[in-house]
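> Please read through the structure below; I'll follow up with questions.
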Amino acid sequence: MWGRVIEIMTAVWLAASPFVFQSPVDPVILWADFIIALVISTLAGLSYWRPTRHAHLLILVVATGLMAWGRFSVAPPPPVHQNHIVVGVFLLMMALIPNEASQPPLVWRSESSESAK
């Protein structure tokens, strides 16, 4: 589940980034970053619950939208939108990591439990 933790940490960065890039004067960027960060955190958190364990895959949609917003909103993109592009690419990579990435494959786990009997 380390991928989900990194997604939540990235959401915190996204919420803080308007202040880092000194763009809180634009309320659209400020509130959009807060809402997107909340969506990312919610989807990553829902992945911890067994019935919604694949919720993190919806982050792929959010990341694609974030990259498109950063790229096509203003030309050339200012630093805050360049950050949206980089965060979107990073989230695309993290969302593909399965929840059980740090555990051995399921086949190995089932073989080890059978051999222990």
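The values are calculated or read from the model by the stated rules, or taken from the named source; none is laboratory data. Owing to the predicted nature of the structure, the values given are computational and were not obtained by experimental measurement. Quick reminder, even Gly has a Cβ in these numbers, built from the backbone with ideal geometry, and neighbours come from all protein chains shown. These accessible areas exclude ligands, DNA and RNA; they are computed on the full protein's heavy atoms, side chains included. Shrake-Rupley method; radii C 1.70, N 1.55, O 1.52, S 1.80 Å.
> Tell me the net charge near ALA55. Cut-off is 13 Å between Cβ atoms, ALA55 excluded, with +1 for each Lys or Arg and -1 for each Asp or Glu. Working shown, then result.
Details: positive: ARG4, ARG50, ARG53; negative: GLU7.
Net charge in that neighbourhood comes out at +2.
> Determine, from the Cβ-Cβ distance of PHE72 and GLN103 and an R0 of 25 Å, the FRET efficiency 1/(1 + (r/R0)^6), rounded to the nearest 0.05.
Numbers: r = 40 Å, r/R0 = 1.58.
With R0 = 25 Å, the Cβ-Cβ based efficiency is 0.05.
> How large is the helix-only mean residue ellipticity at 222 nm for the chain, computed as the sum of -39500 (n - 2.57) over DSSP H runs with n ≥ 4, divided by its residue count, in deg cm²/dmol to the nearest 500? Write down the numbers at each step before the final one.
Numbers: 5 runs with 80 residues, N = 117.
Estimated from H runs of four or more residues: -22500 deg cm²/dmol.
> For the stretch 7-81, give the percent of accessible area contributed by carbon and sulfur heavy atoms, probe 1.4 Å, rounded to a whole number. Mind showing how you got there, number by number?
Working: 3350 of 4310 Å².
That fraction is 78 percent.
> Any idea of the accessible area per residue across the chain, 1.4 Å probe, to the nearest Å²?
61
> Tabulate in residue order the Karplus-calculated ³J(HN,Hα) for the stretch 11-20, using 6.51 cos²θ - 1.76 cosθ + 1.60 with θ = phi - 60°, rounded to whole Hz; enter x for Gly and Pro.
5, 5, 4, 4, 5, 8, 5, x, 6, 5
> About its Cα centre, how strong a charge dipole does the chain have in debye, to the nearest 20, once Lys and Arg get +1 and Asp and Glu get -1 at the Cβ? Working shown, then result.
Working: 6 positive and 6 negative charges, 40 e Å.
Charge dipole of the chain: 200 debye, to the nearest 20.
> Between GLN82 and VAL39, what is the label-point separation in nm under the 7 Å Cα-to-beta-carbon projection?
It is 2.5 nm.
> Note down the nm distance, to one decimal, between modelled labels 7 Å out along Cα→Cβ at MET9 and at SER110.
My value for the distance between the label points is 3.4 nm.
> Further, regarding this structure: HN-Hα J couplings of the stretch 84-99 from phi, Karplus 6.51/-1.76/1.60, θ = phi - 60°, integer Hz, Gly and Pro as x?
Values per residue, Gly and Pro as x: 4, 5, 5, 5, x, 4, 5, 5, 4, 5, 5, 5, 7, 6, x, 4 Hz.
> Only one of the listed values, (1) 1.14; (2) 0.96; (3) 1.00, was derived from the coordinates as Rg/Rh (Cα atoms, Kirkwood Rh); which label is it?
The calculated read-out lines up with (1).
> When the Karplus curve 6.51 cos²θ - 1.76 cosθ + 1.60 is applied with θ = phi - 60°, which whole-Hz ³J(HN,Hα) does each residue of the stretch 36-48 get, with x for Gly and Pro?
For the stretch 36-48, the Karplus curve yields 5, 5, 5, 5, 5, 4, 5, 5, 5, x, 5, 5, 6 Hz.
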